[in-house]
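Working notes for the structure below.
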Amino acid sequence: MTNCKRRQSMNNVFWQILRAVLLLFVQIVVLNNIQLFGMVSPFLYTLIIITLPIKMPRNYVMLLGCLIGCVMDVFTNSYGFHFAATVLVAYARPFLMKLFATRENMEKLYPSYTNFGNAFYYYAFAMVFLHHFCLFAIEAFSFYYIGLVLLKTLCSSVFTLILIWGIETLKIRRK
Amino acid sequence: MSQLFRFLSRYNHFILFLLLEVIAFTLIINRNDYQKSVFSRINTQVLGSVSSVTSSVADYFSLKSDNAFLAEENAALQNELLRLKSSKNPVSAFAQSDSAFAFTSAKVVYNTVNRFQNSLILDKGSTDGVRPNMGVVTPQGVVGIVESVSKHFCTVISVLNIESRISGKVKNSNYLGSISWDGKNTTVVQMEEMPRHVEIKMGDTIVTSGHSAIFMEGMMIGTVIKAEINENDAYYKVDVRLANRFQALNYVTIVSFALRDEYDELQKTTINE
């Protein structure tokens, strides 16, 4: 590995951390207060897990998911909701990625629109849907509300995906 | 061991995942009031139904010991009952002084009903204080009389034995008769020596007389199902349906008479003279 490349990857790690902190900040300060029609409550911080490097070891992803989930739990005054949901998507990440991305896509460094094309949005939506469903299901904690949970999951996931689409578009524009 | 490590390293993602989720759900269930209440409700339901199933299965395994225990308890309670009865009624003849009787529960280990001379074997013997000529009963009624005793077992001459003679009487009228069996029907015995002047009819209850000092007075034998008398006969022909189901005997009670020796001694001297 050349010096230049290492610096680049160090740079990337730095940017990743900064982005993660920024996303968490936005989530906690702004998005946590959004409750549209009692149905839509986006959790954009899932994007941190979604866009982690493709080759990152799965255990690290899960531990990072655990850390992020804990931070979210602390700031939403819940115990274990985000923890469980984030660890779940961290574990499911490789499956979902393989489901939508081509082999060629998997050679890239990060999942993103520029790297994956439309497959990125499918993959992102699957991740977001799984995460939101897990979160709302734990919140309801009963099969009685399964219909409401699914509706809420769908609405919130779509909203979160719109936010992700916005961010991806901004990234492309900046370039 | 290396297999185990290979397994662990192969599934390390999944194991870590499970570990983290377990931690998460432990947190969820323990620290959130609503989730805690739902979980405890479901938990109680599941535990309740599971344990009711397991206990209903386990009950079958303990059925044997439970039965034995209940039989023992039954004997003890009967002892107690008799003691109380006799303490209430101190003036009574020795054969009727019920405190003279003691009860031992026993299990039937062998039983025949399809011969002329039917007998039973019980799992109590001389070490348990069983001796010949003790009565054997169940709460339903009379079973027979102990014939011979070994260390841990005893044989019982069943009522369904053509040699067997038991002193019985019609309840309420106190007329005595002798109960024997004609070897035909295993649910019906005959009552002999019932004189012509006695009023006896179908449905009358036949109980032990207590005169032989084998059974205490008033133990159920059966009910009259037929009472016939010909014009020139001196005695009734009485058929008695046994209260006990001899095919299904399982636990019985041995009745021992504490003053047996004294009684026998007296009887012997009377006969000798």
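The values are calculated or read from the model by the stated rules, or taken from the named source; none is laboratory data. Predicted model, so just to flag it, every value in this text is computed and none were measured. Cβ sites come from the backbone with ideal geometry, for glycine too, and all protein chains shown count toward neighbours.
I'd like to know if region B:214-224 contains one or more residues that are among the acidic types (D, E) and farther than 17 Å from B:G135 by Cα.
Pass one, region B:214-224, residues among the acidic types (D, E): B:217.
Among the residues that remain, those that are also farther than 17 Å from B:G135 by Cα are: none.
Among the residues of region B:214-224, not one is among the acidic types (D, E) and farther than 17 Å from B:G135 by Cα, which makes the answer no.
Could you run through region B:197-222 and say how many residues are crowded, with 16+ Cβ neighbours inside 10 Å and not hydrophobic (A, V, I, L, M, F, W, C)?
The first filter runs over region B:197-222 and keeps only residues crowded, with 16+ Cβ neighbours inside 10 Å, leaving B:198, B:200, B:204-210, B:212-217, B:219-222.
Checking which are not hydrophobic (A, V, I, L, M, F, W, C) leaves us with B:204-205, B:208-210, B:212, B:217, B:222.
Total satisfying the criteria: 8.
For B:M194, are the conditions met, namely being surrounded by 14 or more Cβ atoms within 10 Å (Cβ to Cβ), within 27 Å of the chain's Cα centre (by Cα) and under 23 Å from B:L160 (Cβ atoms)? Spell out how you get there, then give the answer.
Numbers: surrounded by 14 or more Cβ atoms within 10 Å (Cβ to Cβ): yes; within 27 Å of the chain's Cα centre (by Cα): no; under 23 Å from B:L160 (Cβ atoms): yes.
The answer is no for B:M194.
In region B:240-273, how many residues are surrounded by fewer than 19 Cβ atoms within 10 Å (Cβ to Cβ), outside any helix (DSSP H, G or I), of a type outside the set (G, A, S) and more than 15 Å from the chain's Cα centre (by Cα)?
3
Could you check, for region A:147-162, whether at least one of its residues is surrounded by fewer than 18 Cβ atoms within 10 Å (Cβ to Cβ), within 14 Å of chain B (Cβ to nearest Cβ) and closer than 23 Å to A:Q16 by Cα?
no
Given A:L64, A:L99, which one is buried (at least 16 other Cβ atoms within 10 Å of the Cβ), at pLDDT 80 or above and either closer than 26 Å to B:H13 by Cβ or of a type outside the set (S, T, Y) (or both)? Step through it out loud before you land on a result.
On the way: A:L99 fails: buried (at least 16 other Cβ atoms within 10 Å of the Cβ).
The conditions single out A:L64.
Within region A:114-133, does at least one residue satisfy the condition of being within 14 Å of another protein chain (Cβ to nearest Cβ), in a helix (DSSP H, G or I) and under 22 Å from B:I28 (Cα atoms)? Reasoning before the result, please.
Quick first cut of region A:114-133, residues within 14 Å of another protein chain (Cβ to nearest Cβ) only: A:130-131.
From what is left, the residues that are in a helix (DSSP H, G or I) are A:130-131.
Applying the additional criterion that residues be under 22 Å from B:I28 (Cα atoms) yields A:130-131.
Scanning region A:114-133, I find at least one residue that is within 14 Å of another protein chain (Cβ to nearest Cβ), in a helix (DSSP H, G or I) and under 22 Å from B:I28 (Cα atoms), so the answer is yes.
Could we say that B:E231 is modelled with pLDDT under 85, surrounded by 15 or more Cβ atoms within 10 Å (Cβ to Cβ) and assigned by TED's automatic domain parsing to the domain that holds B:Y110 here? Please lay out each step first, then the result.
Values: modelled with pLDDT under 85: yes; surrounded by 15 or more Cβ atoms within 10 Å (Cβ to Cβ): no; assigned by TED's automatic domain parsing to the domain that holds B:Y110: yes.
The answer is no for B:E231.
List the number of the failed condition for A:T76; all other conditions in (1) closer than 19 Å to A:F25 by Cβ; (2) more than 12 Å from chain B (Cβ to nearest Cβ); (3) in contact (Cβ under 8 Å) with a residue 40 or more places away in the chain hold.
The one condition A:T76 does not meet is (2).
Here are A:N59, A:N105: which of them is surrounded by fewer than 21 Cβ atoms within 10 Å (Cβ to Cβ), at pLDDT below 85 and in a helix (DSSP H, G or I)? Talk me through it step by step, then tell me what you get.
Details: A:N59 fails: at pLDDT below 85.
Checking each option against the conditions leaves just A:N105.
Matching residues to (1) small (G, A, S); (2) more than 16 Å from B:F101 (Cα to Cα); (3) touching a strand residue (DSSP E or B) at 6+ places or on another chain (Cβ under 6 Å):
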site: B:V136; (1), (2), (3): no, no, yes
site: B:V146; (1), (2), (3): no, no, yes
site: B:V159; (1), (2), (3): no, yes, yes
site: B:K171; (1), (2), (3): no, yes, yes
site: B:S180; (1), (2), (3): yes, yes, yes
site: B:K184; (1), (2), (3): no, yes, no
site: B:T187; (1), (2), (3): no, yes, yes
site: B:H197; (1), (2), (3): no, yes, no
site: B:G210; (1), (2), (3): yes, no, no
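Looking at (1) out of contact with any helix residue (DSSP H, G or I) (no Cβ under 6 Å at 6 or more places or on another chain); (2) facing chain A (nearest Cβ under 9 Å); (3) closer than 17 Å to A:G65 by Cβ, which one does B:R31 not meet, given that it meets all the others?
(3)
Of all the residues that make up region B:1-34, how many are part of a helix (DSSP H, G or I) and under 17 Å from A:M72 (Cβ atoms)? Walk me through it before giving the result.
Step one: filter region B:1-34 for residues part of a helix (DSSP H, G or I), giving B:2-10, B:12-31, B:33-34.
Adding the requirement that they be under 17 Å from A:M72 (Cβ atoms) leaves B:20-21, B:23-25, B:27-28, B:31.
Count: 8.
What is the one condition in (1) surrounded by fewer than 18 Cβ atoms within 10 Å (Cβ to Cβ); (2) within 19 Å of B:A24 (Cβ to Cβ) that A:T114 does not satisfy?
(2)
Between a first residue in region B:6-18 that is farther than 12 Å from A:N59 by Cα and a second residue that is at pLDDT 85 or above and outside any helix (DSSP H, G or I), which pairs have beta carbons less than 6 Å apart while being 6 or more apart in sequence or on different chains?
From region B:6-18, no pairs qualify.
Which condition number in (1) on the phi < 0 side of the Ramachandran plot; (2) more than 14 Å from chain B (Cβ to nearest Cβ) is the one that A:S142 fails?
Here A:S142 meets the rest and fails (2).
Mind listing whichever residues of region B:63-94 are surrounded by 10 or more Cβ atoms within 10 Å (Cβ to Cβ), polar (S, T, N, Q) and either at pLDDT 80 or above or not assigned by TED's automatic domain parsing to the domain that holds B:V108 (or both)?
Passing the criteria: B:N67, B:N74, B:Q78, B:N79.
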